[in-house]
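Right, one structure below, let's go through it.
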Amino acid sequence: MNVAQKVDTRALRTNRFSKVLSTVGIYAIAALFLLLGILLQSMGLINNFMTSQNLLNIVDAVSLLGIVAVGMAFITYSGHYADLSAPTTIALTGIVSVELLRYGFISAMVGAFVVGLLIGVINGVVIGKFKANPIIWTLAMSYVTMGIIRFIWVNKQIYPDIITDDVRAVMLFDNIYRFRLFNVLSLPLIFMLLLVVAGQFILKRTPFGAQLKITGSAKRTAKFSGINVELMVTLAFVISAFTTTVAGLAITSLSRVGAYYNGAGYDFRAVTAIVIGGMTLAGGRGSIIGVLGGTLVIGLMNNIMTLLGVGTFSQDIIRGAIFIMVVGINAKTLRSMGRDDT
Amino acid sequence: MQRLYGAWDEMIRKKLSDKNSLLSLGDRFRIYILFGVIFLFMSLFAPRFFNTYNLTTILRTVSMNVTIALGFTIVMICGEMDLSIGRTATFAAVIALTLQKHLGYGLSIPIAVLAGALVGLFNGVLVAKVKINSFIVTIGTMTILQGATYTITGGNSVSLSGDTVFAISDFLAKPILPMLPPRVILTILFVIMFHLFVSNSQWGRNFYMVGGNRTTAWLAGINTDRVTITAFVLSSTMAAVGGILFAMESSAATLNMGDNSLMYVVSATIIGGTAMSGGKGGILKSVIAVLSLEMLYTGTILFGFGNEVKIFISGLILALVVLYEAYASYKHEKTIGQRAELLDELAQMAARPKV
């Protein structure tokens, strides 16, 4: 009997399939939504879908979400679900930057990043080193930061132009969101694209990315093969805190007000984008390009539903149903390939 | 120094493994101790804390979250997570009050409870059969329920008026026994029922087994899927009941009434000693933890602090408890497989003069 005939080719097949599923798959769905939009437009149900302005609006609308999701994807990739303290990190960094604007634009930026990264380091050390449950710990952390915000600023909203007379600093701050390169590309969009490229490079082309993958998919194996698991997890949380801070500055610049409610809802929305983008919660699978795809799909979906005149409330129902469906199909596919996702 | 520390560590470990030592008891009953300390402290120092009116108010305020915590604890014992409890409470309350206008409470309450149970069934089937992570499923359900609630009400809160409605809400709120309005008595009945169910029945033990080790439970012949689904159904049903009772008492349902409950109940359950990994915890502990948190909140407000201190304190307590648990298991993991007495022997051998 020929031994070569009995070579198990399943591994090869599943690898190719899961690769297709995790990167191209989400773009196929995005293309489907795009086609749906074109179809609806040709049927006369919606107007102005395939205009460059509308397509730009779609990416603009999700650029902030994309920034948060790219960073949080590192946490998901490392097998630690999500960072539920993202909304309060956004609020705190925003409010700190506005408060520090009186000492100039540079100090505002530095202050925001110091605060944001500090939260990231605390999260990372507690979860990485002491192995606290990530969901519960970041939940507690969000409470603590919210308490700090409420304690120092009570329920005040602070405005950049009231805080300082420095017109230049205020203008610079306002322009974080409003500046447009060549009058087309907004700064958050550029940030998002840069972060996606950098994130994809870090995740797939550096030793850190490879070690994070092993950490995410098999923690014990990673530990026994000499990977500093604690450091990997801490770095993942710090990266997430970094992008969250970028988003926090942009959101605060957009609303021109530092307040405790900035950024509410960004935690769950980011998880949605990450999971739809093919990154599994078990860790170690997926890519940043996929997360970008997930973010774009959310943007397209919202845009089409709004153009169709679906109410905001009904959009929630559809969004939730699609979310569960995508994750369910994903889990089922992985299981049928023998790669159980539980 | 190192050896001294090692000896101290060893002593602590021995004390903890001895079930009857003071330290071990303290660790196991920490929530009751916390409860006692908070109660004593507030009674002694907080102005206007220790009187019938205030204590009745605390019991009334807490009964919604206690009811929600009953089911949620079971889900946690099973090692799963249900993030949709708050929104389920709102959803059920809105259904009950909206239908009350057409059908009366007699029909609207069963329908609302059934709706809650269906939400739980949906969650449970997706978690147990489709095998999606419960965290993700319930985030999805949360979004769907939010949309459904707003669609039903058109974005406004629901309020009722009419003599019969107010008679019912008055009846629920007015104490018939000292300090005990009917709503609180109902909650206490629920607590007793759930406590007996979880700690004294075979079904209750199954929850612990599935949470402790799913594979072992399955090998022992437990239908793990059915147990998980039951846990989710119970959780959503109790969340619905809690929301409905709250709405009945106030004759109104606002669209964010349940939003605070999620964080509240999750914190309380964890502070009460139910582990996120499952297989540990108890109904009574969660109930006591909810009570302790509420007393703490009332106390801070009586001291004249605002809402911000309340948020800060609850975050700090949750953070400390999580940190303590994480640190304890970190220590445990470090010392596991290590034998201190062996190290001691080695040290003695090294110290012995060579023959």
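The values are calculated or read from the model by the stated rules, or taken from the named source; none is laboratory data. Every value quoted in this text rests on a predicted model; they were computed, and no experiment measured them. We place every Cβ from the backbone using ideal geometry, glycine too, and count neighbours over all the protein chains shown.
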When you scan the stretch B:70-87, how many residues do you find that are of a type in the set (Gly, Ala, Ser) and closer than 14 Å to B:ARG214 by Cα?
-> 1
Which numbered condition B:LEU320 fails, given (1) more than 18 Å from B:THR269 (Cβ to Cβ); (2) out of contact with any helix residue (DSSP H, G or I) (no Cβ under 7 Å at 6 or more places or on another chain) = (1)
Consider B:THR237 carefully, then state whether it is on the phi < 0 side of the Ramachandran plot and either away from every other protein chain (no Cβ under 14 Å) or over 11 Å from the mean Cα position of the chain (by Cα) (or both).
-> yes
Sole miss for A:ASN303 among (1) at pLDDT 85 or above; (2) touching a Pro at 6+ places or on another chain (Cβ under 7 Å); (3) surrounded by fewer than 22 Cβ atoms within 10 Å (Cβ to Cβ) is condition (2)
B:THR61: passes all of (1) away from chain A (no Cβ under 14 Å); (2) crowded, with 24+ Cβ neighbours inside 10 Å; (3) among the hydroxyl-bearing types (Ser, Thr, Tyr); (4) within 16 Å of B:PHE246 (Cβ to Cβ) but (2)
Name the single residue, out of those in the stretch A:149-162 being more than 7 Å from chain B (Cβ to nearest Cβ), surrounded by fewer than 19 Cβ atoms within 10 Å (Cβ to Cβ) and of a type outside the set (Asp, Glu), that is farthest from the chain's Cα centre (by Cα).
-> A:ILE162
Mind listing just one residue for me: the one in the stretch B:72-106 that is within 14 Å of chain A (Cβ to nearest Cβ) and not hydrophobic (A, V, I, L, M, F, W, C) and, of those, nearest to B:VAL165 (Cα to Cα)?
-> B:THR90
Hits in the stretch A:246-271 (condition: free of Cβ contacts under 8 Å to residues at least 12 places away in the same chain and within 14 Å of chain B (Cβ to nearest Cβ)) | A:PHE268
Taking the condition among the hydrophobic types (A, V, I, L, M, F, W, C), more than 20 Å from the chain's Cα centre (by Cα), under 24 Å from B:LEU118 (Cα atoms) and surrounded by 14 or more Cβ atoms within 10 Å (Cβ to Cβ), does B:ILE222 pass?
-> yes
In the stretch A:226-258, anything over 21 Å from A:ILE75 (Cα atoms) and out of contact with any helix residue (DSSP H, G or I) (no Cβ under 7 Å at 6 or more places or on another chain) is listed as A:SER255, A:VAL257
Might you let me know whether the stretch A:3-20 holds any residue that is of a type in the set (Ser, Thr, Tyr), at pLDDT 85 or above and surrounded by 12 or more Cβ atoms within 10 Å (Cβ to Cβ)?
-> no
Complete set of residues in the stretch A:178-222 that are closer than 18 Å to A:VAL59 by Cα, in a helix (DSSP H, G or I) and not basic (Lys, Arg) = A:LEU187, A:PRO188, A:LEU189, A:ILE190, A:PHE191, A:MET192, A:LEU193, A:LEU194, A:LEU195, A:VAL196, A:VAL197
So is A:ILE122 part of a helix (DSSP H, G or I), in contact with a His (Cβ under 9 Å, 6 or more places away or on another chain) and under 30 Å from A:ILE289 (Cα atoms) or not?
-> no
Please tell me if B:MET142 is crowded, with 18+ Cβ neighbours inside 10 Å and either free of Cβ contacts under 8 Å to residues at least 60 places away in the same chain or closer than 25 Å to B:GLY120 by Cβ (or both).
-> yes
List every residue pair whose Cβ atoms sit under 8 Å apart, with the two residues 6 or more apart in sequence or on different chains, where the first one lies in the stretch B:238-265 and is of a type in the set (S, T, N, Q) and the second, anywhere, is in a loop (DSSP other than H, G, I, E, B) and surrounded by 20 or more Cβ atoms within 10 Å (Cβ to Cβ).
-> B:SER251/B:LEU160
Quick one: which residue in A:ARG269, A:ARG285 is of a type in the set (D, E, K, R) and in a helix (DSSP H, G or I)?
-> A:ARG269
Residue selected from the stretch A:230-248 under the condition surrounded by fewer than 24 Cβ atoms within 10 Å (Cβ to Cβ) and β-branched (Val, Ile, Thr), by the criterion nearest to A:TYR266 (Cα to Cα) = A:VAL238
Does A:VAL110 satisfy the criteria of being crowded, with 17+ Cβ neighbours inside 10 Å and away from every other protein chain (no Cβ under 14 Å)?
-> no
Checked the stretch A:272-316 for anything hydroxyl-bearing (Ser, Thr, Tyr) and either within 11 Å of chain B (Cβ to nearest Cβ) or within 29 Å of A:GLY199 (Cα to Cα) (or both); matches are A:THR272, A:THR280, A:SER287, A:THR295, A:THR312, A:SER314
Out of all the residues in the stretch B:107-148, which are of a type outside the set (A, V, I, L, M), in a helix (DSSP H, G or I) and more than 8 Å from chain A (Cβ to nearest Cβ)?
-> B:SER108, B:PRO110, B:GLY116, B:GLY120, B:PHE122, B:ASN123, B:GLY124, B:SER134, B:THR138
Go through the stretch A:299-318 and give me each residue that's without any contact (Cβ under 8 Å) to a residue 24 or more places away in the chain, in a helix (DSSP H, G or I) and either of a type outside the set (Phe, Trp, Tyr) or within 18 Å of A:ASN57 (Cα to Cα) (or both).
-> A:MET305, A:THR306, A:THR312, A:SER314, A:GLN315, A:ASP316, A:ILE317, A:ILE318
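To keep it simple, each residue is scored yes or no on (1) out of contact with any Phe, Trp or Tyr (no Cβ under 6 Å at 6 or more places or on another chain); (2) under 16 Å from B:MET64 (Cα atoms); (3) of a type in the set (S, T, N, Q).
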{"residue": "B:PHE246", "(1), (2), (3)": "yes, yes, no"}
{"residue": "B:ILE270", "(1), (2), (3)": "yes, no, no"}
{"residue": "B:MET276", "(1), (2), (3)": "yes, no, no"}
{"residue": "B:LYS285", "(1), (2), (3)": "yes, no, no"}
{"residue": "B:ALA319", "(1), (2), (3)": "yes, no, no"}
{"residue": "B:ALA326", "(1), (2), (3)": "no, no, no"}
Scan the stretch A:129-139 and give yes if some residue there is crowded, with 16+ Cβ neighbours inside 10 Å, within 14 Å of chain B (Cβ to nearest Cβ), part of a helix (DSSP H, G or I) and among the hydroxyl-bearing types (Ser, Thr, Tyr), otherwise no.
-> yes
Counting only helices (runs of 4 or more DSSP H) entirely within the stretch B:1-84, those with at least 2 residues that are over 30 Å from B:VAL125 (Cβ atoms), within 17 Å of the chain's Cα centre (by Cα) and modelled with pLDDT of 85 or more are B:30-45, B:52-77
Would you be able to say whether some residue in the stretch A:131-147 is farther than 20 Å from B:ILE271 by Cβ and in contact (Cβ under 8 Å) with a residue 24 or more places away in the chain?
-> no
Pair list, Cβ under 7 Å, 6 or more apart: the stretch B:34-56 residue at negative phi, other residue among the basic types (Lys, Arg) = B:ASN54/B:ARG48
